[in-house]
1. Which whole number in µm²/s is D for the stretch 299-402 by Stokes-Einstein, with the Kirkwood Rh taken over Cα pairs at 20 °C and 1.002 mPa s?
2. Please sort by residue number the trypsin sites (Lys or Arg not before Pro) in the stretch 304-392 whose DSSP state is loop and whose Cβ has at most 14 other Cβ atoms within 10 Å.
3. About its Cα centre, what dipole magnitude does the stretch 66-170 give when the only charges are +1 on Lys and Arg Cβ and -1 on Asp and Glu Cβ, stated in debye to the nearest 20?
4. Tabulate in residue order the Karplus-calculated ³J(HN,Hα) for the stretch 196-202, using 6.51 cos²θ - 1.76 cosθ + 1.60 with θ = phi - 60°, rounded to whole Hz; enter x for Gly and Pro.
5. For the chain, what does the relative contact order come out to in percent, with C-alpha contacts under 8 Å and a separation of six or more?
6. Compute from the Cα atoms of the stretch 141-222 the Rg and the Dmax, the latter being the longest Cα-Cα distance, and quote both in angstrom.
7. Once both axes come from the Cα atoms, what is the angle between helix 63-72 and the longest principal axis of the chain, in degrees from 0 to 90, rounded to 10?
8. Please report the carbon-and-sulfur percent of the accessible area for the stretch 326-426; probe 1.4 Å, protein heavy atoms only, DNA, RNA and ligands left out.
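The values are calculated or read from the model by the stated rules, or taken from the named source; none is laboratory data. Everything numeric here is computed off the predicted structure, so don't read it as measured data. Every residue, glycine as well, gets a Cβ built from its backbone with ideal geometry; the counts of neighbours run over all protein chains shown. Surface areas here come from the heavy atoms of the whole protein model, side chains and all, with no ligands, DNA or RNA. Shrake-Rupley method; radii C 1.70, N 1.55, O 1.52, S 1.80 Å.
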Amino acid sequence: MNLFPRKSRLTIGDNSFSAPNLPIAAANQSIKLLLVDDEPRMLSSLHELLRQRHFDVDTASSGAEALASLSSTRYDLVLLDLSLEDMDGHHVMDFINHHCIETEVIVISGNVQIDAAIGAMRRGAHDFLRKPFSQQDLFKSIDHVLTLRRLRQTNRDMAHRLEMSERTYRYIVDTSPDLIYMVEPDGRFTFVNDRACQMLGYDRRELIGQHYSVLVHEEDFARARYAFNERRSGDRASRDVELRMTCRSNASPAQNVDASITVSLNAVGMHLDHAEPGGAKYIGTYGIARDITARKQAEAIILHQAYHDVLTNLPNRLLFKDRLGQAILQSRRNRTELATMFIDLDRFKVVNDTLGHDKGDELLLQVTARLKGCLRKGDTLARQGGDEFTAVLPDLHTRDDARVVADKFLECLNMPFDLDGKAVTISASIGIAVFPHDGETIDELMRHADVAMYHIKGQGKNGQAFYAHTMEQGGRP
């Protein structure tokens with residue numbers, strides 16, 4: 001039986017033939033084909049023709065052989081005759097579909113009935129070639145089917161890579177130590193990662209659709225408005241904006257106690273390019289917030305320790321000078337007076353030496369509590385070191401206001417102190433310098449208050465005195 005038209009020479013006996021050089025998608029590639037036909041001459045001629053076009057070709061002369069080959073070998077394409085002696089070609093296609101064999105099928109058949117073609121197409125055949133057919137039609141059909149197969153495989157690979165990329169991205173986002181979110185142009189959350197839920201104590205479903213303001217500390221609304229509505233991108237986008245965010249306390253979820261954390265937030269606007277006639281369309285903001293609460297607390301502790309006395313937690317010399325400087329500026333503006341005091345404890349060294357440093361520290365803590373109880377809200381008490389304290393009293397009406405406070409200091413210190421059942425009595429020498437009469441700078445006021453304090457010590461201790469120029473004529477006692 002002559003398969004091809006006269007324009008293509010084919011001699012079955014010596015297998016010599018000439019075929020048009022058509023573009024085949026599988027040329028020079030390892031494409032595995034299965035030929036299924038129970039006509040030996042047809043099988044032989046097709047095998048030789050396809051092998052010369054660089055296909056890897058297996059043959060099957062019956063349906064049973066085809067099923068065996070399909071069960072053991074992976075084929076890219078099956079050229080299947082429907083009219084086999086042992087079974088219908090449709091059964092072979094049913095076998096392929098039932099076992100989910102990933103291959104393409106081109107049906108070649110002499111059966112001209114439309115039902116045969118419809119049955120083949122319903123079972124997934126890509127083409128139906130009726131015998132006799134030309135080489136050109138055969139290679140065109142093979143090229144088309146293999147091109148579609150390659151494109152489908154490429155699409156599957158791309159879909160797989162996209163899926164893997166999405167999984168990787170989601171894994172990175174959800175395991176990130178930072179809060180990652182997206183908000184719509186109106187400021188409502190469209191996405192929050194797992195870390196956000198852990199940090200803030202909310203379920204994801206509670207946050208999606210909520211406005212960002214439900215999480216922002218009310219005192220930080222102004223800064224948050226710019227960050228969460230950021231429309232810029234690149235270097236002009238928001239960077240390292242510090243905000244306080246409210247969250248549910250993990251320590252007591254049943255009580256729903258509100259707490260807060262401090263975050264450093266970076267935000268960038270999201271746009272769809274060429275979505276509008278005027279250019280890109282703003283579709284929301286993407287942001288990353290890092291919890292810096294621990295760092296801010298550590299900085300606060302370090303800063304506090306740098307400006308406060310370790311034992312009494314009072315302002316130290318540095319912070320006292322800063323407070324005194326601010327009080328001087330305020331007094332200049334308001335044209336009021338202020339007093340600076342130097343308070344030196346009498347007989348403290350005796351207590352320290354006889355009872356030990358631990359009892360001396362306990363005494364200093366009790367002294368601190370008593371002195372603080374004598375001050376107004378705006379006054380400052382500081383420890384200079386050892387048994388020396390200083391105080392600044394701003395906004396005095398008269399010099400007598402400072403005298404009243406000094407007398408309170410002396411009165412409260414003259415009362416016995418209880419150190420583990422042992423009564424201890426001490427006193428204090430207090431020197432006072434008043435701005436602007438006794439000095440207009442920090443150093444002048446502190447030095448003159450110190451001079452007045454040493455004057456009291458020279459007079460027998462346990463008293464208070466205002467600075468006078470005559471105190472420096474005899475020097476320190």
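1. 145 µm²/s
2. Of the trypsin sites (Lys or Arg not before Pro), the ones in loops of the stretch 304-392 whose Cβ has at most 14 other Cβ atoms within 10 Å are Arg335, Arg376, Lys377.
3. Details: 13 positive and 15 negative charges, 109 e Å.
In debye, rounded to 20, the stretch 66-170 gives about 520.
4. In residue order, the calculated couplings are 4, 5, 5, 5, 9, x, 10 Hz.
5. Working: 815 pairs, mean separation 38.5, N = 477.
Relative CO of the chain lands at 8 percent.
6. Every Cα atom of the stretch 141-222 included, Rg and Dmax give 20.5, 72 Å.
7. The answer is roughly 30 degrees.
8. 50 percent
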